[in-house]
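> Input: one structure, supplied below.
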Amino acid sequence: MHSGSAIRLTAWVHGYVQGVGFRWWTRARALELGLVGSASNLADGRVEVVAEGAREACEALLAALRGGGTPGRVDRVVERWSPAKGSLTTFVER
């Protein structure tokens, strides 16, 4: 995938999202959408999701994060869009 067609989504998920399978669930959705990136627990209780790929796929992942079908409880999702860095090769839990 060349960087011209890829975008980076960084999303910070607030709520009860640690210790409930949320990162595993996010990884499964991202892989289904053909995205690369990571889902990481943060010390303050949030999960940081970084995904790169087609904008439509990133928007679909963002919609899934906000969709109510996630493990745990999502109170809100803050997102930031930026150009893809192209250094990611798969989607991992951290």
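> When only residues in the range 49-92 that are assigned to a strand (DSSP E or B) and β-branched (Val, Ile, Thr) count, which is surrounded by the most Cβ atoms within 10 Å (Cβ to Cβ)?
Within the range 49-92, the first condition is being assigned to a strand (DSSP E or B), and the residues that meet it are 49-53, 73-83, 91-92.
Imposing the further condition that a residue be β-branched (Val, Ile, Thr) reduces the set to 49-50, 74, 77-78, 92.
Working: VAL49: 29, VAL50: 22, VAL74: 19, VAL77: 19, VAL78: 10, VAL92: 15.
The extreme case among them is VAL49.
> Where the second residue is surrounded by 15 or more Cβ atoms within 10 Å (Cβ to Cβ) and among the aliphatic types (A, V, I, L, M) and the first is farther than 16 Å from TRP12 by Cα and at pLDDT 95 or above and lies in the range 50-73, which pairs have Cβ atoms under 6 Å and are six or more apart or on separate chains?
So the pair list comes out as GLY53/ALA6; GLY53/LEU35; ARG55/ILE7; ALA57/LEU33; ALA57/LEU35.
> Considering the range 38-48 alone, what residues qualify as being part of a loop (DSSP other than H, G, I, E, B) and surrounded by 11 or more Cβ atoms within 10 Å (Cβ to Cβ)?
The first filter runs over the range 38-48 and keeps only residues part of a loop (DSSP other than H, G, I, E, B), leaving 42-46.
Result: LEU42, GLY45, ARG46.
> Note down all Cβ pairs under 7 Å where the first residue falls in the range 15-44 and is on the phi > 0 side of the Ramachandran plot and β-branched (Val, Ile, Thr), the second is at pLDDT below 95 and in a loop (DSSP other than H, G, I, E, B), and they're at least six residues apart or on different chains.
Final answer for the pair search is none.
The values are calculated or read from the model by the stated rules, or taken from the named source; none is laboratory data. Note that the structure is a prediction, hence the values are computed from the model and not measured. For neighbour counting, all protein chains shown are included, and Cβ atoms are generated from backbone atoms with ideal geometry for every residue, glycine included.
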